[in-house]
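Below: one structure, written as structure tokens.
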Amino acid sequence: MMALLKSEWLKTKRTPLRPLVAVLPLLYATLILWYFSRWDITPERQLSLFMAFFKGWTILVIPVGIGVAAGYMGHQEESAGVFRGLLGNHRPRSHLYFGKLIILLLLFTAATLAATSSLILGFQLMMDVLIAWPVFLMATLMAWVGSLPLLTLHYWVGYAWGFGPSIGIGGLGLLIAALMATGIGDTLWTYIPWAWPVRLSLLAGAYLTYLPGMDVPPDVIASGTILRETLKGVCAASLTFFILLIGGAKWFRRWEGRKGEF
């Protein structure tokens, strides 16, 4: 399996994927840092910083970024002899399926961690402000968990339908995520995959409302609402991820190219 992962990693060389993962998170964190550098980052303002950072990342970057990355991986194999190199590979189909998915997952994980880490370090080094990094890292983990079903879905779509549909679904996902981040999604978000990254990450931000000097935490924390909502979202995302993972692996075993049966 390690040899396969190494081979799949080498395929990303001289492609847009590596520069995208290396540059986009840094540019995004720098933009947020520049915008908020005009004010003092007080405990109250940290919540605004948190909301801006994670809403932008989970609504704009994640749906479109995953659509582009997953679609491009399928397009790369299609360009290499109309999937002949993939379909004619002597390795087990399940290994090929999981090998590519793991590389996609690693690229996404690296990008998400890089964005959050750049933001935290940027405020510490450039403004000497230590933001509440445990909350930011927890929100990053929640965004990652919520994105797992989207990764497997777009990976499947990228091979079954192509680069364009993967990007198109990502664009549609952007609109859905934006709607689910409003009051419209309060009762629906646990059933909508594109809502999981944004909603789960923003739930962690509630802990930033527990400000110094408060004798007791806000009711939304003390009542257990945040924990219950988080568990609901994590369970929904995890169950959907495993369903898509198993379904995609079974489909891939009998897939014979773009004209094969979906």
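Structural remarks
- Between residue 209 and residue 34, the modelled labels are 3.2 nm apart [label points 7 Å from Cα along Cα→Cβ].
- Note on the chain: GNM, Cα springs under 10 Å; of 190, 209, 116, the largest mean-square fluctuation is that of 209.
- Exposure ranking of 79, 118 by accessible area [1.4 Å probe, largest first]: 79, 118
- Accessible-area rank, largest first, for 14, 228: 14, 228, with all protein chains present and a 1.4 angstrom probe.
- With Cα atoms, 0 to 90° folded angle of helix 2-11 axis to the chain main axis: 90 degrees
- For residue 179, solvent-accessible area (1.4 Å; no DNA, RNA or ligand), Å²: 90 Å²
- Largest to smallest accessible area among 55, 100, 232 [probe 1.4 Å]: 232, 55, 100
- Shape category assigned to segment 25-66 from the gyration tensor of Cα positions, a/c cut at 1.5: oblate
- Shown for the chain: lysine pairs separated by 8 or more places, or found on different chains, whose C-alpha atoms are under 16 Å apart, numbering 4.
- Solvent exposure of residue 254, expressed as accessible area, is near 130 Å², computed with a probe of 1.4 Å over the protein chains only.
- Computing FRET efficiency as 1/(1 + (r/R0)^6) for residue 22 and residue 124, where r is the C-beta to C-beta distance and R0 is 22 Å, gives about 0.55.
- In Å², nearest 10: area of residue 223 left accessible to a 1.4 Å probe: 50 Å²
- Helical content alone sets the calculated 222 nm signal of the chain at -24000 deg cm²/dmol, taking -39,500 (n - 2.57) per DSSP H segment of four or more residues and averaging over every residue.
The values are calculated or read from the model by the stated rules, or taken from the named source; none is laboratory data. Model, not experiment: these values are computed from the prediction. Cβ sites come from the backbone with ideal geometry, for glycine too, and all protein chains shown count toward neighbours. Accessible surface areas use protein heavy atoms only, side chains included; no ligands, DNA or RNA. Shrake-Rupley method; radii C 1.70, N 1.55, O 1.52, S 1.80 Å.
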